[in-house]
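Below is one structure, written out as structure tokens; comments come after it.
The values are calculated or read from the model by the stated rules, or taken from the named source; none is laboratory data. All figures in this text were calculated on a predicted structure; none of them were measured in a lab. Heads up, the Cβs are rebuilt from the backbone with ideal geometry, glycines too, and the neighbour counts pull from every protein chain shown.
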Amino acid sequence: MENIKLKTARNIRDLGGIKTMDGRTVKPCRILRGDGISNLTPGDIDILTNQYKLKMVIDLRSPKEQREQPDTPMPGVTLHLISIDDGPSGSIVKSTDQTEMKEETMAQKLAKAPKLIDQYARFVQSSGSVEQIKKIMHTIIDARDMDGSVLFHCFLGKDRTGLIALLTLSLLGVSRVDIVADYCATPFWYSRALKWFFKLLFKKRSYRAGKDFYDRFKADPSYIKHLYDTIINDYGSVEDFLRNQLDISDELRDEFRNATLE
């Protein structure tokens, strides 16, 4: 697993090198996960398309996010807009203009928003979300013979992206321990935003809102573990979820593995 160093995106990783339980390894430059790519520089584009052979991008964000901050076009790269739903970050204001992000509005949004751990569960319990996840997973699998890499991403590269990474790596036969470790590798790089929000919210003595905001931005292992537990409790196992809810047959799974592992 390698962090890809770009100027405008800080949480894009190549999942190549991760070991599977049967002793194989994910090939490099095949599966990438990441955060927003709306402002890529020419240098960033060159790294992704040449060094990492990027051929396909799957944008997991909500339609509103996709409209307001569209992905940077890249030559030779196909873009798929397949939103899971509004997702965990859908309750967080994403405007880049801090003057529009008033403390009362933020506090109210966070107070009304479901807990992040509950939103993780909703990913796999909502029939609408499950149908979207099915489309996403089959898009990734259908690219198995493509000469290059697939990047799936959301806003922070943690929540919605973390779910698809969990399912993709599970499909490849990676252990739960290593999948949780991959989730936790998401960098806590949101220092500027956190500093501004803490200053703003604490000044108004809104500790609860500030703490909730902080919790939403960290890759806490309890979040992904709760997602695992929800899948197991509701569907029997991750394997059963992939097979029965996402219509990924054992034959298709093996084809994907043979094309993606070495």
If only one of Ala185, Ala143 is in contact with a strand residue (DSSP E or B) (Cβ under 9 Å, 6 or more places away or on another chain), modelled with pLDDT of 70 or more and loosely packed, with under 15 Cβ neighbours inside 10 Å, which one is it?
Ala185
Filter the range 68-88 down to residues that are part of a helix (DSSP H, G or I) and either within 24 Å of His138 (Cα to Cα) or at pLDDT 95 or above (or both), then give me how many there are.
1
Could you tell me whether Thr72 is more than 27 Å from Ile179 (Cα to Cα), buried (at least 17 other Cβ atoms within 10 Å of the Cβ) and over 15 Å from the mean Cα position of the chain (by Cα)?
yes
Lone unmet requirement of (1) within 23 Å of Gly128 (Cα to Cα); (2) loosely packed, with under 15 Cβ neighbours inside 10 Å for Asn39:
(1)
Given (1) in a helix (DSSP H, G or I); (2) out of contact with any helix residue (DSSP H, G or I) (no Cβ under 6 Å at 6 or more places or on another chain); (3) modelled with pLDDT under 95, index of the condition Phe202 fails:
(2)
Taking the options Tyr235, Tyr214, Tyr223, name whichever one is surrounded by 13 or more Cβ atoms within 10 Å (Cβ to Cβ) and modelled with pLDDT of 95 or more.
Tyr235
Within the range 42-57, track down each residue that is surrounded by 22 or more Cβ atoms within 10 Å (Cβ to Cβ) and among the β-branched types (Val, Ile, Thr).
Val57
If you check Asp240, Asp247, which single one turns out to be modelled with pLDDT of 95 or more, not basic (Lys, Arg) and not in a helix (DSSP H, G or I)?
Asp247
